[in-house]
Amino acid sequence: MDGSLTDAQLKAPSKIETSPSSFASSLEEAVVRPPGSRRACDSSAGSHAAGREEAVPPLNPEIRSFLRAFVPRAIAESPEAARAAQGRELYYPHVPDSQWYDWKWQNRNRVTTLDELYEKIPFPREEWATRREVLRDFRMGVTPYYLTLMSRDDPADPLLRQVVPLTDEYEHRASGDEDPLGEESFSPVPGITHRYPDRCLMVVSNYCAIYCRYCTRKRIMYEDAVPELEVQAMVDYIARTPAIRDVVVSGGDPLTFSTDKLERILSKLRAIPHVEVIRIGSRVPVANPMRVTDELCEMLSRYHPLWINVHYNHVHEITPDAARACDKLIRAGIPLNNQAVLLRGVNDSVGAVKDLVHGLMKMRVRPYYLYICDPVRGANHFRTTVAKGIEIMEGLRGHTSGLAIPQFVVDAPRGGGKIPVNPQYLLAYDNGRAILRNFQGKVFEYQDPIERPGGSMAPARLANEARGLPLLAKNGFVRPEAQGELGVGLGNRPEGTVVVNGDGNGNGHGNGNGYGNGNGHGNGNGHGNGNGHGSGNGHGCGPSEPFAHTLAALSRASEPTALPIVADDDSKGSGANGSAGGPGGAELPHGRSSLAGAPVVGKSSWVHRRDAPPRNGGCGGS
């Protein structure tokens, strides 16, 4: 059972039977009106005899259609659904569904003053003065729906922090920029930001259903309407700029417009031949999901290809009503992407972001961007470090679906644009040889192919030969004629071979903290191997000294660094059941190799060489 409602359910009797024979109808009735819904406004229902039910106010077709939208069971039965129902019971116990699900009623009844806020969520009286000063700089607006998702007893509630003026904002009111992204420097006409060659931003509104305290455009959020003349000037600029193929309609929030007013803008854009894609940026599905009516969806569907970027920041915002709004938009053919902002005290942990993206996936909303908080004035308490964002991305990659992982971006100051920032998975890349690590910290080598004259790909060994690199023999060693290029001798290694790669793990048998091989296949004392399958107990080698220096440099590099091919130097590891041998390295506890400053610590299996011959003085065990 999900939270979508059929016509029969909407017409179900208002009293829930409790007898066992009517258990099924009881379940059905529980879905008819979502938990916390109100059947009547007791101030207008009139007096009733004791024990008699109040009349159920009729629901108009718009509301009935909204309540029939699909809600995944995982959301209908989620803690967020219960939280929303409890919040409505607490804050708005006497508001009937006929008003609650009216998006215009939600807008008219926003909490905009400290008195209204204090009535719902009391706060210390000594904070009134500072919060009043904050509101002089940037207004407040919170829909009743969004208010019900907050905890009255938790001043650190992640939703409350996003929209309620706090003393932190007062303390940071002098720090930050009015226009941190330099949008006005890229504004050829008022309302247009044309920063990228083929797309532009249209700011058509400075009105929002809720006002985010970290908003990049605080400077324009005064709720005075953008005049039609100004909108026409924006459209005219786009029409005379054929390079623009993609227009983002934002604000403020365009979905707070009446359907007719929004259509006037979309129809003008769609009439421009070179405009291929229209996108709308909106937080309405988060803050006032009831706005997503049949009328709105039908109108939007006439202007495809059209996309909507929504803005969910926390899993507590993913409720049955939010799911209904997203479902209606998706069924109108509109793809939904989510643009979240990384906020201190709101979602700045791997767990919080993982819960968010999993909730989005349940609603068929694609996680798109995770922005670092812009250095806007008064929002310094929301800002995290770039390192925190990388840590979160590291905690997502490999630990959840790739489709659920947003792109972490820094919107560069002064109009530098969005810059993607990722953990460093490419450790080195040189002459077709890539050194890569995976989400577990294992390190691998990947060889590029080369094009043969006929267009087919040559094997990596031939690719190396074509590039003039040392030639690998079948056993993974370099042929004797390559020794001069490498500047190394044979030493005690088998005749005719030189090792190309650094030696293996700190603590062999498939697990390790160093760079290099995990375990050999059937080689007890083999090159770079800890213990082979079914053979000795020695726990592998650390990386060679030259390799250690190169890899340590990688951890300090700001971009992928070319990694030269170097000779193996037989550094030590240590063994749990046997010691490791060989000169050139210090023995470390727990099998860790002597790789100071290496950027990756974890299991490694860098270059598997099945038939690598044994060496004297290498790592091994009995």
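Values quoted throughout were computed directly from the atomic coordinates according to the rules given, and no laboratory measurement underlies them. Worth saying up front: this structure is predicted, and the values here are computed from it rather than measured.
Summary table
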item	result
Using θ = phi - 60° and Karplus 6.51 cos²θ - 1.76 cosθ + 1.60, couplings along region 207-216 (whole Hz; Gly, Pro as x)	10, 10, 5, 10, 10, 6, 5, 9, 4, 5
Region 346-408-region 100-157 distance, computed between alpha-carbon centres (Å)	26 Å
Evaluated at q = 0.19, 0.30, 0.31 Å⁻¹: base-10 log I(q)/I(0), Debye formula over Cα of region 137-182	-0.73, -1.15, -1.18
Phi-based couplings in Hz for region 170-176 (Karplus 6.51, -1.76, 1.60; Gly and Pro marked x)	5, 5, 9, 5, 9, 9, x
Calculated on alpha-carbon atoms, Rg and Dmax of region 340-420 in Å	12.6, 37
Hull volume in cubic angstrom per residue (convex hull over the Cα atoms of region 114-212)	134 Å³
Share of pairwise Cα separations in region 162-256, more than 20 Å, in percent	42 percent
Compactness relative to 2.2 N^0.38 Å, alpha carbon Rg of region 232-369	1.10
Karplus 3J(HN,Hα) series, Hz, for region 142-148 with 6.51 cos²θ - 1.76 cosθ + 1.60 (x for Gly, Pro)	9, 5, x, 4, 5, 4, 5
